[in-house]
Structures are given as structure tokens and as C-alpha cells.
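Peer 1: My structure is below; once you've seen it, I'll send some questions.
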Amino acid sequence: MEEKKYLKGWQKVAYGAGDFGSNFMYTFVSSFVLLYLTNTVGLNSRVVGTLMLLSRCLDGVTDVFFGRLIDRTHSKMGKARPWMFWAAFPLAVCEILLFTIPGMGQQLQYVYFFVVYTLMNAVFYTANNVAYSSLTAFMTKNPNERVQAGTFRFMFAMLAGIVIAGATPKLVEAFGGGAAGWRITAILYTVIMLAFNTLTVFSVK
């Protein structure tokens, strides 16, 4: 007996496209923030690496926290979609702030980076991504559709990684290089992230 289908083909694609958007935050930051902080801002890579490691430790705690919050959520948008949608906006703000390190004493710059990076990675990205990952369990009971949606997600993530790796250095240079180039590139990427995140949220139920 054929299992009931819950999703149309375009909805599977729209779900997967969410990872194209989210990687304009995650891959961009993972691949380029250290380069920006050391070459443009002038921070020490060892100190930055240590701060990133400390922030990652907090991320393990918030994963469980947001998983429980999503399970307890009841809204017109369901359990996962409101978290995926609303967390994307402060996430976008944090991405821009991360590439807008103000001119202050170096110690304060380390504090600024740690606070913004932790809010972005361990709070808002975790809320957004845990909700996104759990969305397949809510939008279909068909295991084959879950696999297909996950496949599209993987494909879009790979595509985003290729685009970001090739485009980022050229964009930073095209936007004037230096701090301004990084800031404008970050703003552009947040717009892309928000657009695809919104597409996914409102394409499935």
C-alpha cells in the first residue's frame, strides 16, 4: 500500500532552499570571520579562536533548551515555524554587527566579538536551525518525503558553500575592501538569508 503524500514537489525544494539561505550566515561566518578579525580589525587569532571555542561550549546547552521550547510551542504557525521565522531577524542583526567591529580598545573589541558571536551562534542560530531541522517531522509523516526534503537541503547547502567561497573575496573587494567591504557584504548576505528563510517558513505547514 502506497504511503500518503503530504508534500508537493515545489514544497520539498522550498524546504531545502532554507539551507541555501542559512549558509549565507553559517558558512560565511565560519569561513571568513577569522580573516576579517585578524587582517582588517587586527585581533589576535589565538584569542579569537579561544573565544569561539568557549562560545561553542554554550551552544551545546542551548541546543537542548530550544529543542524543549519547540516541543512546548503551540501557535497558528505550528511548533517549529515561528522559531525559524522570528529567530532569523536578530540572527541577521548579529551577522551584520559581527562584521562591524567598532573602533575601541582591543580588550573591548574581544568582549564585543564574544557577546555578538555567542548571541548569533549559540542563541539565534540555534533557535533557527533546531526549528528548521525539526520541521520535517511536523510537515510530513511520510519517511520518503522526509528523505527527499533532506536531500534538497543538502544540495542547497553545498551550492551555497560553493557560491560563498567564490563570491565573498570578490564582493568585499568590489564594495571597497577593508571594513566597509566586509560590512556591505555581510548586509547583502543577511538579505539573502532572510529571503530564503522566509520562503521556507511560508511554503510548508
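The values are calculated or read from the model by the stated rules, or taken from the named source; none is laboratory data. Everything numeric here is computed off the predicted structure, so don't read it as measured data. Cβ placement follows ideal geometry from the backbone for every residue including glycine, while neighbour counts extend to all protein chains displayed. With ligands, DNA and RNA removed, areas are computed over all heavy atoms of the protein, side chains included. Shrake-Rupley method; radii C 1.70, N 1.55, O 1.52, S 1.80 Å.
Peer 1: Could you check the spin-label model distance between SER30 and SER45? Points 7 Å from the Cα along Cα→Cβ, value in nm.
Peer 2: Reported label-point gap for SER30 and SER45 is 1.9 nm.
Peer 1: Turning to a different aspect of this structure: Need one number for the chain: average projected area of the convex hull over its C-alpha atoms, nm².
Peer 2: About 11.9 nm², averaged over all directions.
Peer 1: What is the set of long-range amide H partners of THR140 at a cut-off below 5 Å, with H atoms built 1.01 Å from backbone N?
Peer 2: For THR140, no residues qualify.
Peer 1: What ratio of Cα Rg to 2.2 N^0.38 Å holds for the stretch 104-205? Walk me through the numbers on the way to the answer.
Peer 2: On the way: Rg = 17.4 Å, N = 102, 2.2 N^0.38 = 12.8 Å.
That works out to 1.36 for the stretch 104-205.
Peer 1: Further, regarding this structure: For PHE138 and ARG68 in the same chain, what is the full-extension length gain: residue separation times 0.36 nm, less their Cα-Cα distance, in nm? Display every interim value, and only then the final one.
Peer 2: Working: separation 70, 0.36 × 70 = 25.20 nm, distance 1.49 nm.
Difference between extended and current length: 23.7 nm.
Peer 1: What does the charge dipole of the stretch 132-205 about its Cα centre add up to, to the nearest 20 debye, if the Cβ of each Lys and Arg holds +1 and the Cβ of each Asp and Glu holds -1?
Peer 2: Numbers: 6 positive and 2 negative charges, 41 e Å.
Around 200 debye, computed over the stretch 132-205.
Peer 1: According to a simple spin-label model (label point 7 Å from Cα along Cα-to-Cβ), what is the distance in nm between TRP86 and LEU54?
Peer 2: 3.0 nm
Peer 1: Still on this model: Using the Karplus curve 6.51 cos²θ - 1.76 cosθ + 1.60 with θ = phi - 60°, work out ³J(HN,Hα) for each residue of the stretch 10-22 in order, rounded to whole Hz, and write x for Gly and Pro.
Peer 2: So the Karplus estimates, Gly and Pro as x, are 5, 6, 5, 5, 5, 5, x, 5, x, 6, 4, x, 5 Hz.
Peer 1: Residue by residue through the stretch 53-70, which ³J(HN,Hα) values in whole Hz follow from phi under the Karplus form 6.51 cos²θ - 1.76 cosθ + 1.60 (θ = phi - 60°), with glycine and proline marked x?
Peer 2: 5, 4, 5, 5, 5, 5, 4, x, 6, 6, 4, 5, 4, 6, x, 5, 4, 5
Peer 1: Report ³J(HN,Hα) in whole Hz for each residue of the stretch 168-174, in order, from the Karplus equation J = 6.51 cos²θ - 1.76 cosθ + 1.60 where θ = phi - 60°; Gly and Pro get x.
Peer 2: Karplus values, whole Hz, x for Gly and Pro: 4, x, 5, 5, 4, 5, 5.
Peer 1: Most mobile of MET104, MET158, MET77 per a Gaussian network model of the chain (Cα springs, under 10 Å)?
Peer 2: Of MET104, MET158, MET77, the Gaussian network model singles out MET104 as fluctuating most.
Peer 1: Got a sec? Charge dipole of the stretch 83-192, +1 on Cβ for Lys and Arg, -1 for Asp and Glu; which of GLY150, TYR132, ALA174 is way out at the positive end?
Peer 2: The listed residue farthest towards the positive side: GLY150.
Peer 1: Just the accessible area per residue of the stretch 1-152, please: how many Å² with a 1.4 Å probe? Write down the numbers at each step before the final one.
Peer 2: Working: 7670 Å² over 152 residues.
For the stretch 1-152, the per-residue accessible area is 50 Å².
Peer 1: Relative to the longest principal Cα axis of the chain, at what angle does helix 178-201 sit, 0 to 90 degrees, rounded to 10?
Peer 2: Rounded to the nearest ten degrees, it is 10.
Peer 1: Given a Förster distance of 25 angstrom, what is the FRET efficiency for THR198 paired with MET158, based on the Cβ-Cβ distance and rounded to 0.05?
Peer 2: Values: r = 22 Å, r/R0 = 0.87.
The value I calculate is 0.70.
Peer 1: Something else: How large is the helix-only mean residue ellipticity at 222 nm for the chain, computed as the sum of -39500 (n - 2.57) over DSSP H runs with n ≥ 4, divided by its residue count, in deg cm²/dmol to the nearest 500? Don't skip to the end; give the middle numbers.
Peer 2: On the way: 7 runs with 156 residues, N = 205.
Using -39500 (n - 2.57) per qualifying helix, the result is -26500 deg cm²/dmol.
Peer 1: Continuing with the same structure: Students often get this wrong, so check it: of LYS4/LYS76; LYS12/LYS76; LYS8/LYS76; LYS79/LYS141, which have C-alpha atoms separated by over 19 Å? Please report the intermediate quantities before stating the final value.
Peer 2: Values: LYS4/LYS76 24 Å; LYS12/LYS76 21 Å; LYS8/LYS76 21 Å; LYS79/LYS141 15 Å.
In this structure, LYS4/LYS76; LYS12/LYS76; LYS8/LYS76 lie more than 19 Å apart at Cα.
Peer 1: A further question follows. Between LYS5 and MET77, how high is the FRET efficiency from 1/(1 + (r/R0)^6) when r is the Cβ-Cβ distance and R₀ = 22 Å? Nearest 0.05.
Peer 2: Values: r = 22 Å, r/R0 = 1.01.
Result of the calculation: an efficiency of 0.50.
Peer 1: Taking the chain as the reference, fit the longest principal axis to its C-alpha atoms, fit the long axis of helix 81-98 to the helix C-alpha atoms, and give the angle between the two in degrees, 0 to 90, nearest 10.
Peer 2: 10 degrees
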